Each structure stands twice: as structure tokens, then as C-alpha cells.
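Let me begin by handing over the structure; questions about it come next.
The values are calculated or read from the model by the stated rules, or taken from the named source; none is laboratory data. All values reported here derive from a predicted model rather than from experimental measurement. Quick reminder, even Gly has a Cβ in these numbers, built from the backbone with ideal geometry, and neighbours come from all protein chains shown.
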Amino acid sequence: MRILNLGSLNIDDVYSVIHFVQPGETLSSTDYKQFCGGKGLNQSIALANAGAEVYHAGAIGQDGLFLKNRLESAGVDTSLVKVGDIPSGRAIIQVVPEGENSIILFKGANHTLTKADVDSMLEPFSRGDYLLLQNEINNAEYIIDAAFDKGMKIVLNPAPMEPAILSLPLGKISIFVVNEIEGEGFTGETEPEKIGKAFERLYPDAVLVLTLGSKGVYYRRNGQVIREPAEKIEAVDTTAAGDTFIGYFLAGTAKGDNTSEALKLASHAAAVTCTRMGASDSIPEISELLSAE
């Protein structure tokens, strides 16, 4: 099955500072790095590294052509990436020595998708193909409705979680991949089992994949529950761990892998990501995971 990821593409500008900038203050940074970012980009690279046939759709400005090149270098089909005159999405990130960060997000080209763009991006796909969505682009309601009408299986990672998500046609979602905070946002519950049961009441036809960080993963479908423990590791950077998990789990699901095995491999890939610095560059390829077994 083919997978279309209609998602964000961001330029991440990361400044190392001795403290967060105060009102009226001018502060010199001690370091600066620029990265390819956006949950959409990270998840497409994870899908490709996991061996999936993945297509990325979205929008960038002329300043973001290197984001498109990064996807292509990972084996992602970028023929559906729109290049326009609006600047690419950006994240301006301050990082202090303690590791905490402060982020200013500019949505940019990510929020320029028209309904005509969406129709064009969905046109090559058909019943049974997968659509992966996050919450970093516009026209989400129209995208979900149009993909559902085509018979696509819709996977939603509702990050960043916002109240407006609850107004989307969520009954059309096939798979929810959420963390504990997002799960609470949907259900008002905080315990995994209670979140799972609440999701099943609200969206009885959907699969729930609830990521729990160091406590592993909780999977629920039609009353069937699978728990996959997290690997014990020395984490150095958890930035792309969730995106890695999503990419690997969806790649395995689309290939028809056993659910328990798909969860296990996705959890392992996410754990490896945590032992490396960076976002998309920290995502392992499936060949290195399998050769290490």
C-alpha cells in the first residue's frame, strides 16, 4: 500500500543562548545551527527509512528547497510538494545550557494549501492507500473528508494538540497515534486504560496507539489491548523519537506485518533515535536495525 504524508515542512533555526531573551534585551548567541524540521518531514523520512513507499505533499517557499532535497535523499517522492512565493514554515528556537527551549513558530507556506491543492495532491491515490496527517497544516477538515470519500485509511497524529482538533470529522479516522497529553485532550482521562476505553466509546471503528514515553506503548482495537514496553536506554536527544515510532509503525502496518511485531520494531527504532543527536538525521534505517538482531 502507498502512503501519502500530507504534512509540514519547516526550517529550524536553533540558537544557543545563556538565558532566554528578556523584553527589550539584545543577546548574542553562543552557537547557531539550521536543521530540516517539521513533524511532516520527520515522519516521511522515518517511513522511507522503514522501507515504505511514501509520498510527501505540502508546501514550501523558495527558501525551503533544501527541505525537498532532504526528503528526496531519503527516498521520499516529492512530486506533490508545492513550491510558492510564501516563505517556508520556520521554528525559531532558543536553547539554554540546561537543555530547555523556547520556540517561536511561523506557519508560513504550511498554511497556504487551497482545496484545489488538496484535490490535486490526493488525486493519484485510491481506496486502501494510507493518508498520514499531523496538526501543522491548514484545511485539515477538507483533507479528511476528501480522503475518506476516496476510501483512504486516515492516520492522525494530532500534534500540536489544540482544542480545534476536536471539531474535525474524527469519526473518519482509521488510526489515532497520540501521546498521554493528547490522549487526555481527547478524553479528559489520564490513565492509559481509561484513555483507551474512552477512545473506543468515542471512535469505535478506530485503532488507538497511545505512546507513553519510558512506559512504552498501549495499543487498543475493538477491545483487544497490546502493550509494548519501552527499551531501557541512555537517551541523549528525544527530539524525533515520536516521529520515528509513527513512521516505523505505519510502514509495518501498511505492509501487513503482525501488530505486535510492528509495535516492537517501531519502539526499537524510536529507542535508537533517542541515542543520537538531531531530528531527521537521527532516524535509523531498517537495514541497520535488522542487521543488529
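Taking only pairs six or more apart or across chains, which ones have beta-carbon atoms under 8 Å, a first residue in the range 70-93 that is buried (at least 19 other Cβ atoms within 10 Å of the Cβ) and among the charged types (D, E, K, R), and a second residue that is part of a helix (DSSP H, G or I) and modelled with pLDDT under 95?
Taking only residues 6 or more apart or on different chains, the pairs are 70/280.
Would you tally the residues in the range 52-69 being buried (at least 22 other Cβ atoms within 10 Å of the Cβ), in a helix (DSSP H, G or I) and not hydrophobic (A, V, I, L, M, F, W, C)?
1
Might you let me know whether the range 224-236 holds any residue that is surrounded by fewer than 16 Cβ atoms within 10 Å (Cβ to Cβ), in contact with a Cys (Cβ under 8 Å, 6 or more places away or on another chain), of a type outside the set (Gly, Ala, Ser) and closer than 23 Å to residue 39 by Cα?
Scanning the range 224-236 turns up at least one residue that is surrounded by fewer than 16 Cβ atoms within 10 Å (Cβ to Cβ), in contact with a Cys (Cβ under 8 Å, 6 or more places away or on another chain), of a type outside the set (Gly, Ala, Ser) and closer than 23 Å to residue 39 by Cα.
Could you please give the count of residues in the range 1-19 that are at pLDDT 95 or above and either more than 22 Å from residue 101 (Cα to Cα) or of a type in the set (Phe, Trp, Tyr) (or both)?
Total meeting the criteria: 6.
A further question follows. Tell me, which residue of the range 267-282 that is out of contact with any strand residue (DSSP E or B) (no Cβ under 8 Å at 6 or more places or on another chain) and of a type in the set (A, V, I, L, M) is farthest from residue 74 (Cα to Cα)?
271
Give the residue that is nearest to the chain's Cα centre (by Cα), with candidates limited to residues of the range 247-261 that are of a type in the set (Gly, Ala, Ser) and within 19 Å of residue 229 (Cβ to Cβ).
Restricting to residues being of a type in the set (Gly, Ala, Ser) and within 19 Å of residue 229 (Cβ to Cβ), the top hit is 252.
Residue by residue through the range 1-27, note down the ones that are among the polar types (S, T, N, Q) and touching a helix residue (DSSP H, G or I) at 6+ places or on another chain (Cβ under 9 Å).
5, 8, 10, listed by residue number.
Taking the range 94-119 on its own, how many of its residues are surrounded by 14 or more Cβ atoms within 10 Å (Cβ to Cβ) and acidic (Asp, Glu)?
Matching residues across the range 94-119 total 1.
How many of the residues in the range 29-69 are without any contact (Cβ under 8 Å) to a residue 24 or more places away in the chain and among the aromatic types (Phe, Trp, Tyr)?
The total comes to 1.
Just for the range 262-293: of the residues that are outside any helix (DSSP H, G or I) and over 22 Å from residue 33 (Cβ atoms), which one is nearest to the chain's Cα centre (by Cα)?
If we take residues in the range 262-293 being outside any helix (DSSP H, G or I) and over 22 Å from residue 33 (Cβ atoms), then 285 is nearest to the chain's Cα centre (by Cα).
Tell me, yes or no, whether the range 231-242 has at least one residue that is in contact with a helix residue (DSSP H, G or I) (Cβ under 6 Å, 6 or more places away or on another chain), of a type in the set (A, V, I, L, M, F, W, C) and over 20 Å from residue 161 (Cβ atoms).
yes
Let me ask you something else. Would you list the strands (runs of 3 or more DSSP E) that sit entirely within the range 80-160 and hold 2 or more residues that are under 16 Å from the mean Cα position of the chain (by Cα)?
Those strands (runs of 3 or more DSSP E) span 89-95, 130-133, 153-156.
So, one more: Just one of 141, 123 is in contact with a Leu (Cβ under 6 Å, 6 or more places away or on another chain), within 30 Å of residue 255 (Cα to Cα) and surrounded by fewer than 16 Cβ atoms within 10 Å (Cβ to Cβ); which is it?
When all the criteria are applied, what remains is 141.
Where residues in the range 3-51 are in a loop (DSSP other than H, G, I, E, B) and within 15 Å of the chain's Cα centre (by Cα), which of them is surrounded by the most Cβ atoms within 10 Å (Cβ to Cβ)? Walk me through it before giving the result.
First, the residues of the range 3-51 that are in a loop (DSSP other than H, G, I, E, B): 7-9, 17-30, 38, 50-51.
Imposing the further condition that a residue be within 15 Å of the chain's Cα centre (by Cα) reduces the set to 7-9, 38, 50.
Details: 7: 24, 8: 29, 9: 32, 38: 29, 50: 26.
Looking at the filtered set, the residue picked out is 9.
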